[in-house]
Amino acid sequence: MTDYELQKLSKLVAKNLVQSIKDDEELLDELYPPRYMSIQEAADYLCIPLNTLYQKAGEIPHQKVGKRLLFTDRGLSRWVRRKNIENSPALRKAE
């Protein structure tokens, strides 16, 4: 298999995997609605200080309702997983 074919195949696999994850998340949302949390509850859920959460709010998925920020348990969990992957030593070596 050539490098070009291998790259094409890996892109196709990644695309299918992302779609499969999205489909699973949609089904999960239908079966088990996400739990909404205030910013204090989200800080407790993440075990981080409230001020840190305010500072990182721009990069963490949330919804703004009036002056309140609302977070979901699933959104926070996805964000943590994504950060763990981004900070993975194996991934940094591959770059």
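The values are calculated or read from the model by the stated rules, or taken from the named source; none is laboratory data. Owing to the predicted nature of the structure, the values given are computational and were not obtained by experimental measurement. Counting neighbours? That spans all protein chains shown, and the Cβs are built from the backbone with ideal geometry, glycine included.
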**Asked** Would you say Thr52 is touching a Lys or Arg at 6+ places or on another chain (Cβ under 7 Å) and without any contact (Cβ under 8 Å) to a residue 60 or more places away in the chain?
**Response** no
**Message:** Just to confirm my filter: which helices (runs of 4 or more DSSP H) fall fully inside the chain and include at least 1 residues that are touching a Leu at 6+ places or on another chain (Cβ under 9 Å) and surrounded by 13 or more Cβ atoms within 10 Å (Cβ to Cβ)?
**Reply:** 39-46, 50-56, 73-86
**Asked** in the same structural domain as Glu86 (by TED's automatic domain parsing), within 16 Å of the chain's Cα centre (by Cα), under 23 Å from Glu86 (Cβ atoms) and acidic (Asp, Glu), is that true of Glu59?
**Response** yes
